[in-house]
Amino acid sequence: MDLAMDLSQKVGLALALVFLLLLYASRLEVKARGSPPLRPLRALESLRRALNRAIESGKPVHVSIGTGSIGERDTAESMAGLAVLGYVEEQGSYYRTPVLSTFATPSTLVAAYDARRKATEAGGTPPPGRIYFLAPQKIAYAAGASEVIKDEEAQVNVMIGSFGYEYLLLGEMTEHRGIEHIGGTTDPRVLPFVYASSENYLLGEEIFAANAYLSSNPGALASLLAQDRMRTLLAVLIVVGMILKSLGVIGG
Amino acid sequence: MKKVIPTLVAFITGIIVLADFLIYNPLLDQVSNSLLNWALLVAAFAFIVGLLNVLIVHFTRIIKRERGWPYSIVLVLAMWLVIIFGVLDPRGPQGPIVSWVFRYVQYPLQATLFAMLAFFALSAGYRAFRRQTVDATIMLVAASLVFLGQAMLISEWGKWFAAIKDWILSVPTVAGMRGILLGVSLGVIATGLRLLLGMDKPYAD
């Protein structure tokens, strides 16, 4: 057995182990003290209010988790989107509000059926509304999802997950029809479109916080705490490294 | 037991694939590759679920005469035509009929929609600037300066705008992008660790 690791891999592994310890400590903390105070995220507050309005009107809510899949690079973003979908499906099941969800990849489609099954178990009945498998091509997906939103007369459009330029197509078509729109993704090239398209947006890592905010799941809350602590640690390391390099203590 | 076994399977699979990235061992390599191939097989089966979903959704639309139902007929027919010709042709998707459909129907339609992106970007930008917030103003000023820098003005001002554009793109933009990517990476690692440790069990409820 040969440990074929270069320096960056070793540093990465060490940081991952530190993260693991922080995650475990945060889990214990959440168990002992309960939920930590969370800063308000306007998009998620808007999502709750928009869902309430949809429940009152009985009109459908459309959820898109983007064009990512499970098992590839954008798995984490897709999982974040699925957490939001799970919440919306659960609300749809409790209050009999139609939930429409559209998918570009079969792996996320299967996960969506699972989310609906869990919502049905929680709420007693499956939420009305369909699950659509559209197309793996980004543009074709955006065109199809836009038609679903139009034909089914959705009141709210939630787009949280892994998106590319198709976000702009779908987001703008939604805005032009006056449909309430909540968006979020992680790709820095797409974030300007997210910001410009909607007033209710989650930028970058904020999409990973959605699960903790919406479900109050202890694991998700612990993960949020661990991420904040790890970010502080990395910021300190970057500043210390910068000072040491400026002073000539470390080279490279 | 119903929860323990899937969690254990996920944990062991995750650890093996992760260890294969860090440790060189022929046996570990073989096991890891087999596991990844199994994942591909499972993903391929998910396409059958996708196919069934398309058929059920569109047959329901046709039977109930829902809004836009004639398009559903076109969709189902086109889907079967492509599948049948793709399966019957020994060259598969590279066969002339399937290639023709992609080259002369799908790609032009995609290109048409793609061409509209510039207009959508403009209208989204205009709406963002109308919000009159501090961040929208910063975005407007930065976008205008980059635009002027790209315009390659011939006068003396052109050099200044080009220098400002280069500074915007290489300093604040890169700094912001790195900050975002750092946060996203932490989120991705946290999601992976939660799944690996069984803190999230999307497969076991």
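Just so it is clear, none of the values below were taken in a lab; they were calculated from the coordinates. None of these values were measured; they are calculated from a predicted model. With ideal geometry, Cβ positions are generated from the backbone for all residues, glycine too; neighbour counts draw on all protein chains shown.
A simple rule links phi to the HN-Hα coupling: the Karplus curve 6.51 cos²θ - 1.76 cosθ + 1.60 with θ = phi - 60°, which for region A:11-26 gives 4, x, 5, 4, 5, 5, 5, 4, 4, 4, 5, 4, 5, 5, 5, 5 Hz, with x for Gly and Pro.
Could you calculate, for region A:125-252, the ratio of the Cα radius of gyration to the Kirkwood radius, expressed as Rg to Rh? Mind showing how you got there, number by number?
On the way: Rg = 19.9 Å, Rh = 17.5 Å.
When Rh is taken as the Kirkwood radius, the ratio is 1.14.
A helix-only calculation puts chain B at -27000 deg cm²/dmol for mean residue ellipticity at 222 nm, using -39500 (n - 2.57) for each DSSP H run of at least four residues, averaged over all residues. Each principal axis of the Cα atoms in region A:1-116 has its own extent, and those three values, largest first, are 61, 39, 23 angstrom. Partner shielding of B:111-124 amounts to 5, given as the average count of beta-carbon atoms from other chains within 10 Å of each residue beta-carbon. Simple spin-label estimate for A:Met5 and B:Leu109 gives 5.0 nm between the two label positions (7 Å along the Cα-to-Cβ direction from each Cα). Taking the charge dipole of chain A about its Cα centre, with +1 at Lys and Arg Cβ atoms and -1 at Asp and Glu Cβ atoms, the residue from A:Ile179, A:Thr125, A:Gly12 reaching farthest to the positive side is A:Gly12.
For A:Ala16 and B:Val171, FRET efficiency with R0 = 25 Å and r from the beta-carbon atoms, rounded to 0.05? Let's see the in-between values first.
Values: r = 30 Å, r/R0 = 1.21.
Efficiency for this residue pair is about 0.25.
For region B:74-91, backbone phi angles converted through the Karplus equation (6.51, -1.76, 1.60; θ = phi - 60°) give residue-by-residue couplings of 4, 4, 5, 4, 4, 4, 5, 4, 5, 5, 4, 5, x, 6, 5, 6, x, 7 Hz, Gly and Pro being listed as x. Taking a straight line from the alpha carbon of A:Lys31, these lysines sit under 20 Å away, with near neighbours fewer than eight places off in the same chain left out: B:Lys201.
Amide H contacts of A:Leu100 (H built 1.01 Å from N, in plane; Pro and chain starts excluded): A:Val61, A:His62, A:Val63 sit under 5 Å, all sequence-distant by 5 or more or on other chains. Each Lys and Arg adds +1 at its Cβ and each Asp and Glu adds -1 at its Cβ; summed about the Cα centre, region B:33-145 shows a dipole of about 380 debye. Sequentially through region B:158-173, phi angles give Karplus couplings (6.51, -1.76, 1.60; θ = phi - 60°) of x, 5, 5, 5, 5, 5, 5, 4, 4, 5, 4, 6, 9, 10, x, 5 Hz, Gly and Pro residues having no value and appearing as x. Across region A:75-133, counting alpha-carbon atoms alone, Rg and Dmax equal 10.5, 30 Å. Any idea which of A:Tyr24, A:Gly68, A:Pro36 is furthest toward the positive side of the dipole for region A:1-90, if Lys and Arg beta-carbons carry +1 and Asp and Glu beta-carbons -1? After comparing all options, I get A:Pro36.
What average count of beta carbons from other chains do you get within 10 Å of the Cβ of residues in B:38-50? Numbers along the way, then the final one.
Details: counts 0, 3, 1, 0, 3, 8, 1, 2, 11, 6, 1, 6, 11.
Mean number of neighbouring Cβ atoms from other chains: 4.
Given region B:68-205, report the % of alpha carbon pairs whose separation exceeds 26 Å.
Values: 5931 of 9453 pairs.
Of all Cα-Cα distances in region B:68-205, 63 percent exceed 26 Å.
Across q = 0.07, 0.10, 0.13, 0.14 Å⁻¹, the protein assembly as shown modelled as identical point scatterers on its alpha-carbon atoms has Debye log10 I(q)/I(0) values of -0.42, -0.86, -1.36, -1.49, in the order of the q list. Among A:Arg229, B:Arg67, the order by Cβ neighbours within 10 angstrom, fewest to most, reads B:Arg67, A:Arg229. For B:Lys3, the aspartates and glutamates whose Cα falls under 18 Å of its own Cα, not counting residues fewer than eight places away in the same chain, are A:Asp114, A:Glu121, B:Asp200, B:Asp205. Remark: region A:124-252 carries a charge dipole of roughly 600 debye about the Cα centre, counting +1 on each Lys and Arg Cβ and -1 on each Asp and Glu Cβ. Using the Stokes-Einstein relation with a Kirkwood hydrodynamic radius computed over Cα pairs, the translational diffusion coefficient of region A:106-170 at 37 °C and a viscosity of 0.692 mPa s comes to 248 µm²/s.
The charge dipole of region A:1-77, taken about its Cα centre with unit charges on the Cβ atoms of Lys, Arg (+1), Asp and Glu (-1) only, comes to about 600 debye. Partner shielding of A:153-163 amounts to 0, given as the average count of beta-carbon atoms from other chains within 10 Å of each residue beta-carbon. Amide H contacts of A:Glu180: A:Asn157, each under 5 Å away and 5 or more positions distant or on a separate chain (H built 1.01 Å from N in the peptide plane; Pro and chain starts excluded). Here, P(r) means the percent of Cα pairs in each 10 Å bin from 0 to the largest distance; for region B:28-79 it is 23, 30, 19, 15, 10, 2.
Across chain A, the relative contact order, built from alpha-carbon pairs under 8 Å that are at least six residues apart, equals 22 percent. Of B:Asp20, A:Asp114, the sequence from fewest to most neighbouring Cβ atoms within 10 angstrom is A:Asp114, B:Asp20.
Given the options A:Ala154, A:Gly241, A:Ile55, identify the residue whose Cα lies farthest towards the positive end of the charge dipole of the protein assembly as shown (+1 on Cβ of Lys, Arg; -1 on Cβ of Asp, Glu). Value computed over the given set: A:Ile55.
So what is the relative contact order of chain B, in percent, for Cα pairs below 8 Å that sit 6 or more residues apart? Intermediate results must be reported in sequence, preceding the final value.
On the way: 85 pairs, mean separation 50.4, N = 205.
Rounded, it is 25 percent for chain B.
Which number comes out as Rg/Rh for region A:42-216 once both Rg and the Kirkwood Rh are worked out on C-alpha atoms?
Values: Rg = 14.1 Å, Rh = 15.4 Å.
Rounded to two decimals, Rg over Rh is 0.92.
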